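Worksheet for the structure shown next.
Here, each number is a calculation from the coordinates, and none is a lab measurement. Every value quoted in this text rests on a predicted model; they were computed, and no experiment measured them. Here the Cβ positions follow ideal geometry from the backbone for every residue, glycine too, while neighbour counts run over all protein chains shown.
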Amino acid sequence: MSSLQELITSRRTTFQFQDRAVSDEVIERALEAARWAPNHKMTQPWRFVIPGPEMIGKLKAHFVRRLATKMAARGYSETEIAERMRVPQPDIPAQILVYSVRNADPYRAHEDYAATCCAIQNLMLAAWADGVASGWKSFDQPENYELFGLDPEQTQIVGLIQLGYPLQERQSKRRPLEEFVERTR
Ligand SMILES: Cc1cc2nc3c(=O)[nH]c(=O)nc-3n(C[C@H](O)[C@H](O)[C@H](O)COP(=O)(O)O)c2cc1C
């Protein structure tokens, strides 16, 4: 297996990270890989926001609220939720908000969104090449635009990428390749 193939197949969405900082060099390499993603008309629509200390605090509060909402939806009682909320949430070693600059033409906007997804995959794989795992969080709720001071008419949040050295090895699987491939005459 080529090292690229191995990198692609071994990358896992990760939720728990070691208490170890991710260096600026690793982040820089990941961002460098991201900006080399394919993009139609060279729009280079991706933008990367690296949250500072104040924003990191706000993000932490956001994810605590998100967890409470998820638990409520899954039928946990208020007491159970309150108990869980008392457990301090671990810090995420590094986070990058990725958004796409919205093109006024819906077709181009669609392409630019796709290009930004490619940039994220590049970013995550480059980080993983340095041993840094990642998790892609959908982050496109109106309150998140407000949080980052982004205008949803001008920008499209594609994800919040959380990064860090993984605490445990994670497994995943895919359905067999033949389920996805068809060959035409
Ligand atoms: C567009 C997109 C949005 C995602 N949003 C979330 C999310 O909000 N929360 C989450 O836990 N995982 C999210 N993921 C990660 C997927 O759940 C994950 O890729 C999937 O479970 C497969 O696992 P793997 O990445 O380890 O192969 C997202 C992935 C993509 C591509």
Qualifying lysines (Cα of each under 30 Å from Cα of Lys70; at least 8 residues distant if same chain) = Lys58, Lys60, Lys137, Lys173
Amide H contacts of Ile157 (H built 1.01 Å from N, under 5 Å, at least 5 apart or other chain) = Ser100
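What is the gain in length, in nm to one decimal, between Gln121 and Arg35 on full extension, counting 0.36 nm per residue of separation less the C-alpha to C-alpha distance? Intermediate results must be reported in sequence, preceding the final value.
Numbers: separation 86, 0.36 × 86 = 30.96 nm, distance 1.09 nm.
In short, 29.9 nm is gained.
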Using θ = phi - 60° and the Karplus form 6.51 cos²θ - 1.76 cosθ + 1.60, what ³J(HN,Hα) does each residue of the range 68-73 get, whole Hz, x for Gly and Pro?
-> 4, 4, 4, 5, 4, 5
Please list, in chain and number order, the residues 5+ apart from Arg12 or on another chain whose amide H is under 5 Å from its amide H, with Hs placed from the backbone.
-> Ser134
Can you sort Lys137, Lys60, Lys70 by how many other beta carbons sit within 10 Å, fewest first?
-> Lys70, Lys60, Lys137
Could you state the number of Å between the C-alpha centres of the range 1-70 and the range 87-107?
-> 8
Return the sequence-ordered ³J(HN,Hα) values of the range 28-44 in whole Hz as given by the Karplus equation 6.51 cos²θ - 1.76 cosθ + 1.60 applied to θ = phi - 60°, using x for Gly and Pro.
-> 4, 5, 5, 5, 4, 5, 4, 6, 9, 5, x, 7, 7, 6, 6, 6, 6
Which ³J(HN,Hα) values in Hz, rounded to whole numbers, follow from the phi angles of the range 171-180 under the Karplus curve 6.51 cos²θ - 1.76 cosθ + 1.60, where θ = phi - 60° and Gly and Pro get x?
-> 10, 8, 9, 10, 5, x, 3, 4, 5, 9
Which of the peptides 77-88, 143-154, 97-108 is most tightly packed, and how do the rest follow, going by the mean number of other Cβ atoms within 10 Å of each residue?
-> 97-108, 143-154, 77-88
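Show me the ranking of peptides 31-44, 121-134 by mean Cβ neighbours inside 10 Å, starting with the highest.
Values: 31-44: 15.0, 121-134: 20.9.
In descending order of packing, they fall as 121-134, 31-44.
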